[in-house]
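What follows is a short report on a single structure.
Read the figures in this text as sums done on the coordinates, not as results from a lab. Computed from a predicted model, the values in this text were never measured in an experiment. Every residue, glycine among them, receives a Cβ derived from its backbone with ideal geometry; neighbour counts consider all protein chains shown.
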Amino acid sequence: MTQRQPVVEVFAGLDVSAREIKVARVQGQDQNPTLATFANHASGHQALLAFLLEKTERVRVCLEASGNYSLDLALSLHAQRQVEVSVINPRRARKFAESLGERSKSDPVDARVLCQYAARMPWESWKPPSATALRLRAIPRAMESLGVMHTQESNRGHALASSQALPALVLRERQRHQRYLENRMKQLRREARRLIARDAELDRRYRLMLTVPGIGETSALQILGELVVLSDTADARQWVAFAGLDPCIFTSGSSVEKRPRISRGGSRHLRRALYMPALVALRRKPHLKRFYERLLSRGTARLQAVVALMRKLLHALFAMFRANQPYDGSKLCPSELITKAAA
């Protein structure tokens, strides 16, 4: 006979920052949550857990996905069987706050809003990524940060190279720093490849990605590093939403209509990783170029057309992973290929 789970009567919202955690906790029919603050480190997490489970067997906790600080806390809470954790998109939390008529934004206010979200909204339990997935996500992100620094140094070096007042010693130091950044990126790239090679499923996906026009080794590592944290049950629309590439349409009655735009509510790292492959694929593949030009002919802005290509590539990756098939442009843009044949 299975043991019944205790009824959840305690809900909490957590606003997480680098140094502290603001908590709003409500029990039963109470309307006014109890507020508390804890340090965002290991001992603070233990004190937070004791506060959450005070006089209760089970608690539901809601927090925003706000980077490594919230991730570490979510992992710590998820390890406790008495705690149910939900990690939601910050944009969703903000929209919920607006629906409550909450115009202010501060740490205590955000904690109270998240507490109300946990108590009122349909519950979606958070599934933590595996240790391999977290490691693979972290390495390409570090590579991306080093790449930004390398580009900045290159731009400065180009501007200063023609300067007569700058000592040669300073130029040499800049060049050494650039080589150092390049070596660090190479080491991280090798470590990511070793991590992928040890996992058959990741290696399969990585090799399939390299068949896509415009996706090279670095782009494949960056894209895979973001997608690896998604659940295996996620569909293509959820992938697009995770990337923040889902369109938002604003209309009201017959007189108010704004241009559609992407939500930008997902991973900015994934959007960046898809941008350059979309541009390269646009130049290399005629059927993608025709798709792009057809969008322009309908009045679509150039950047919006590129975003549409990014969505196309993401849909292609989803289908390739599921079918275990390499890239096939005839399936990605069949209407464009038919148009070419008819011509």
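Gaussian network model of the chain, Cα springs within a sub-10 Å range: biggest mean-square fluctuation belongs to which of LEU100, LEU314, LEU208?
Sorting by GNM fluctuation, first place goes to LEU100.
Computed from the coordinates I sent, Cα extents along the principal axes in Å equals one of [x] 69, 62, 51; [y] 65, 39, 32; [z] 60, 41, 39. Tell me the label.
Answer by label: [x].
Please compute the modelled spin-label separation between ARG81 and LEU303, points set 7 Å along Cα→Cβ, answer in nm with one decimal.
5.2
Mind checking which lysines have their Cα closer than 29 Å to the Cα of LYS55? Skip sequence neighbours fewer than 8 apart in that chain.
Partners found: LYS22, LYS127.
Report the residue, chosen from ALA323, ALA97, ALA243, that carries the largest GNM mean-square fluctuation when the chain is represented by alpha-carbon nodes joined by springs under 10 Å.
Comparing ALA323, ALA97, ALA243 in the GNM, the peak value goes to ALA323.
Please turn the phi angles of region 227-236 into ³J(HN,Hα) values with the Karplus equation 6.51 cos²θ - 1.76 cosθ + 1.60 (θ = phi - 60°), one per residue in order, whole Hz, x for glycine and proline.
Calculated HN-Hα couplings, in order: 6, 5, 7, 6, 5, 5, 8, 5, 9, 5 Hz.
Using each residue's phi in region 84-91, evaluate 6.51 cos²θ - 1.76 cosθ + 1.60 at θ = phi - 60° and report the 3J(HN,Hα) Karplus result to the nearest Hz, with x for Gly and Pro.
The phi angles translate into 9, 10, 10, 10, 10, 5, x, 5 Hz.
Hey, what do the phi angles of region 212-221 turn into as Karplus ³J(HN,Hα) couplings, whole Hz, using 6.51/-1.76/1.60 and θ = phi - 60°, x for Gly and Pro?
Working through the residues one at a time gives 7, x, x, 9, x, 4, 5, 4, 4, 5 Hz.
Only Cα pairs within less than 10 Å get springs; with that Gaussian network setup on the chain, which residue of PRO128, PRO286, PRO213 has the largest fluctuation?
So, out of PRO128, PRO286, PRO213, the one fluctuating most is PRO286.
What translational diffusion coefficient, to the nearest whole µm²/s, does region 56-149 have by Stokes-Einstein, given a Kirkwood radius computed over alpha-carbon pairs, a temperature of 25 °C and 0.890 mPa s viscosity?
The calculation lands on 164 µm²/s.
Name the trypsin sites (Lys or Arg not before Pro) in region 172-216 that are in a loop by DSSP and that have at most 14 other C-beta atoms within 10 Å, would you?
Within region 172-216, the qualifying trypsin sites (Lys or Arg not before Pro) (loop, at most 14 other Cβ atoms within 10 Å) are ARG198.
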